[in-house]
1. Go through 139, 104, 83 for me and flag whichever is within 30 Å of residue 177 (Cα to Cα), assigned by TED's automatic domain parsing to the domain that holds residue 53, surrounded by fewer than 19 Cβ atoms within 10 Å (Cβ to Cβ) and not hydroxyl-bearing (Ser, Thr, Tyr).
2. If residue 32 satisfies every condition in (1) more than 11 Å from the chain's Cα centre (by Cα); (2) within 25 Å of residue 129 (Cα to Cα); (3) at pLDDT 95 or above but one, which is the exception?
3. Could you list, ordered by first residue, the pairs with Cβ atoms under 6 Å in which the first is in region 107-128 and closer than 15 Å to residue 158 by Cβ and the second is crowded, with 19+ Cβ neighbours inside 10 Å and at pLDDT below 95, at least 6 apart or interchain?
4. For residue 171, only one of the following conditions fails: (1) buried (at least 20 other Cβ atoms within 10 Å of the Cβ); (2) closer than 19 Å to residue 77 by Cβ; (3) outside the structural domain of residue 49 (by TED's automatic domain parsing). What is its number?
5. Out of region 70-106, which residues are in a loop (DSSP other than H, G, I, E, B) and either of a type in the set (A, V, I, L, M, F, W, C) or touching a Ser or Thr at 6+ places or on another chain (Cβ under 6 Å) (or both)?
Amino acid sequence: MINYFAHQSAVIDENCEIGEGSKIWHFSHIMSGCKLGNGCNIGQNVVVSPEVVLGTNVKVQNNVSIYTGVICEDDVFLGPSMVFTNVINPRSAIIRKDEYLKTVVRKGASIGANATVVCGNEIGRYAMIGAGAVITKDVAPYELVYGNPAHHMGWVSEYGHKLHFSDEGIGICPESGEKYRLSEGQVEKI
């Protein structure tokens with residue numbers, strides 16, 4: 001029984017797992033062996049390659065390519081036209097399918113429009129990647145990065161607001177009122 005929506009122009013290969021309430025829009029291709037959790041939204045012209053895993057409530061905007069080796073945990077946001085890579089040194093004449101590197105995007109992270117995530121890196125929980133950024137190294141939980149290559153520009157709350165820390169290392173989200181502690185270059189919610 002199909003318990004998700006797929007536009008008539010979407011291509012869904014056999015042996016995919018698609019969670020309840022997910023939506024797959026125009027001209028998207030969901031390839032064999034991938035897993036989409038419940039409540040995912042796959043925008044127009046998206047490619048989800050074999051063995052990709054998307055958690056619950058992952059939002060994928062238009063024109064995104066998610067290649068083999070990528071795992072996105074729950075509540076991840078992938079902005080329009082962002083892309084993941086899966087091989088460090090691609091060459092057309094050399095087959096490197098056995099060299100795909102794993103990329104993990106942790107719960108609640110957001111990746112902005114036109115960003116590129118070079119394979120083999122981890123994006124921490126609730127991290128925020130700015131539009132057009134090029135990720136060449138791991139991003140810490142709650143970290144705000146942007147630029148090419150992306151560099152540290154601050155810290156954000158789970159609601160996506162930039163945090164400002166007191167002399168005691170405490171920051172408060174202006175929307176939720178939740179408190180965060182900055183200690184030894186890492187942020188945690190308290």
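The values are calculated or read from the model by the stated rules, or taken from the named source; none is laboratory data. All figures in this text were calculated on a predicted structure; none of them were measured in a lab. Cβ atoms come from the backbone with ideal geometry, glycine included; neighbour counts cover every protein chain shown.
1. 104
2. (2)
3. none
4. (2) is the only condition that residue 171 fails.
5. Those that are in a loop (DSSP other than H, G, I, E, B) and either of a type in the set (A, V, I, L, M, F, W, C) or touching a Ser or Thr at 6+ places or on another chain (Cβ under 6 Å) (or both): 74, 76, 82, 86, 87, 88, 93, 95, 100, 101.
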